[in-house]
Number of protein chains: 2
Amino acid sequence: MRKEETSMKIGVLGTGTVGMTISTKLAALGHQVTMGARESRNEKAAEWARKAGGKAGHGDFPRAASDAEIVFNCTSGGGAVAAVTAAGKESLKGKILIDLANPLDFSAGTPPRLLFHGEDSLGERIQNALPDTKVVKTLNTIAADVMVNPGLVPGEHDLPMCGNDAAAKARVTLLLREWFGWKSVIDLGPITASRGMEVYVLFWVHLMGALKTPVFNIHVQRKGA
Amino acid sequence: MRKEETSMKIGVLGTGTVGMTISTKLAALGHQVTMGARESRNEKAAEWARKAGGKAGHGDFPRAASDAEIVFNCTSGGGAVAAVTAAGKESLKGKILIDLANPLDFSAGTPPRLLFHGEDSLGERIQNALPDTKVVKTLNTIAADVMVNPGLVPGEHDLPMCGNDAAAKARVTLLLREWFGWKSVIDLGPITASRGMEVYVLFWVHLMGALKTPVFNIHVQRKGA
């Protein structure tokens, strides 16, 4: 296939490290990426679009979501529900939203605290806010550089994923392989498994401190795997 | 060395699956294990000691801790601080306490909730309750059967550990290798890393649900490992 045939319209909500890394990689792959921010005149998003050139665009959250075939939520945990709600329930209807956000509270410094005890999760809250959207939680358990380049980590390692729509998870699994090279996805079940995937990030933070690098990931060893 | 020379006096606090599994394995290795419960006439502990035979004993928490060279805390998260406090600050002075407890709240059913957000941890609370004891948090991230037999899980996999006393962690690392066969321990740093190790257990719970087996563990893949 020629590049034109595989080019997709992708919305990325968030202008932090994760949003930048995902957007830059997808734009480099030839996709039409629109980076969304709370304000349409966000300087970071505008600068990113200028540098990325070509089909890259930017705007507010509704702008990033409206034309997109698939949307990444890369906003911070505290603002994620407001961001996806602002993006628009109607324009996200029937679409896949890949949720990468983590419910971390850095207000007391690092290491951060968790916003939820595991009795609730950001993934569920986002799915509840967008009942007609297929929310797939994944990529939240690794550093941004590893998200788009799993080969940075040696050996076999796994990407946890959850969501209520099996077909959406299957599609995202294929896309993550094609776009970024992810070979092994572990389906943890419905979106409620976000409760486990999100608190894991605090373990990740301590592991990063001990290993002195964010470039790592886990491989789940079990019989018959 | 003959068995007598390597036999240790070990106290195990807790009569649940974890306490039973640890006690049974250590008794089978020839150690003098005393299982401790809240009440000295705990039927489960008495039955365990009868079945284990030989040098196995049982009693209340102070009894299990008083003669021990090393103590395992295998009590439930909600009762752990009370249990180690009852065991006795004085008789645990200078000793290593291996803390396996997880701060899970099953009062609303499964999956459980976490008692802490990661702003505090059971490991730290236990260390604070026993300032002169060397608390080493480990073995809390796997199923009981895997704790004493890591070979059940195929391939390389890792055991997280944390604690404030480097020599105590080094000793526990050697003992876990000798007793149970643990080949790879990852030192996450001081006891505050319990914040990450304890919330990880909620991720483990969801992973177990997806894998449909508790017999698994993680291998941390990183450069130069």
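The values are calculated or read from the model by the stated rules, or taken from the named source; none is laboratory data. Since the structure is predicted, the reported quantities are computational estimates derived from the model, not experimental observations. Cβ atoms come from the backbone with ideal geometry, glycine included; neighbour counts cover every protein chain shown. Each accessible area value is taken on the protein alone, full model and side chains, heavy atoms only, with ligands, DNA and RNA left out. Shrake-Rupley method; radii C 1.70, N 1.55, O 1.52, S 1.80 Å.
Of note:
- Any pair with Cβ under 9 angstrom, 6 or more apart, that starts in segment A:208-220 at a residue that is closer than 14 Å to residue B:156 by Cβ and among the charged types (D, E, K, R) and ends at one that is open to solvent by 50 Å² or more (accessible area, probe 1.4 Å) and assigned to a helix (DSSP H, G or I): none
- Residues of segment B:69-108 satisfying the condition of being over 19 Å from residue B:192 (Cβ atoms), touching a helix residue (DSSP H, G or I) at 6+ places or on another chain (Cβ under 7 Å) and open to solvent by less than 10 Å² (accessible area, probe 1.4 Å): B:71, B:72, B:83, B:87, B:92
- Test: residue in segment B:76-85 that is free of Cβ contacts under 8 Å to residues at least 40 places away in the same chain and of a type in the set (A, V, I, L, M): yes
- Just one of the listed residues (B:123, B:196) is of a type in the set (Gly, Ala, Ser), more than 10 Å from chain A (Cβ to nearest Cβ) and within 19 Å of residue A:201 (Cα to Cα), namely B:123.
- Residue B:153 being at the interface with another protein chain (Cβ under 7 Å from one of its Cβ atoms), modelled with pLDDT of 95 or more and on the phi < 0 side of the Ramachandran plot: yes
- Counting the residues of segment A:25-45 that are in a helix (DSSP H, G or I) and either closer than 19 Å to residue A:95 by Cβ or open to solvent by less than 10 Å² (accessible area, probe 1.4 Å) (or both) gives 2.
- Top-ranked residue in segment B:11-70 [being closer than 20 Å to residue B:180 by Cα and among the charged types (D, E, K, R); ranked as farthest from the chain's Cα centre (by Cα)]: B:55
- Verdict on residue A:205 being in contact with a strand residue (DSSP E or B) (Cβ under 7 Å, 6 or more places away or on another chain) and either open to solvent by 10 Å² or more (accessible area, probe 1.4 Å) or not aromatic (Phe, Trp, Tyr) (or both): no
- If you go through segment A:46-62 and keep only what is open to solvent by less than 50 Å² (accessible area, probe 1.4 Å) and in a helix (DSSP H, G or I), you end up with A:46, A:48, A:49, A:52, A:61.
- As for segment B:137-147, it holds no residue that is open to solvent by 40 Å² or more (accessible area, probe 1.4 Å) and among the basic types (Lys, Arg).
- Flag for residue B:104 being among the hydrophobic types (A, V, I, L, M, F, W, C), at pLDDT below 95 and under 18 Å from the mean Cα position of the chain (by Cα): yes
- Selection of segment B:211-225 for residues being within 7 Å of chain A (Cβ to nearest Cβ), modelled with pLDDT of 95 or more and surrounded by fewer than 17 Cβ atoms within 10 Å (Cβ to Cβ) yields only B:213.
- Tallying residues that are assigned to a helix (DSSP H, G or I) and surrounded by fewer than 18 Cβ atoms within 10 Å (Cβ to Cβ) within segment B:180-201 yields 0.
- Filtered residues of segment A:63-115 (kept if within 27 Å of residue A:46 (Cα to Cα), within 13 Å of chain B (Cβ to nearest Cβ) and among the small types (Gly, Ala, Ser)): A:77
- The residue list B:142, B:186 contains one member that is touching a residue at least 12 places away in the same chain (Cβ under 8 Å), among the β-branched types (Val, Ile, Thr) and over 25 Å from residue B:65 (Cβ atoms), which is B:186.
- Of all residues in segment A:108-135, those satisfying the criterion of being more than 20 Å from residue A:208 (Cβ to Cβ) and modelled with pLDDT under 85 are A:116, A:117, A:118, A:119.
- Filtered residue count, segment A:148-175, keeping only those that are over 16 Å from residue A:134 (Cα atoms) and not charged (D, E, K, R): 11
- Neighbours by Cβ (under 9 Å, 6+ apart or cross-chain): first from segment A:11-36, closer than 17 Å to residue A:97 by Cα; second at pLDDT below 95 and part of a helix (DSSP H, G or I): A:14/A:79; A:31/A:6
- When the test is whether a residue is under 23 Å from residue B:142 (Cβ atoms), among the β-branched types (Val, Ile, Thr) and over 17 Å from the mean Cα position of the chain (by Cα), residue A:185 does not pass it.
- Residues located in segment A:168-189, provided they are of a type in the set (D, E, K, R) and in contact with a helix residue (DSSP H, G or I) (Cβ under 9 Å, 6 or more places away or on another chain): A:178, A:183, A:187
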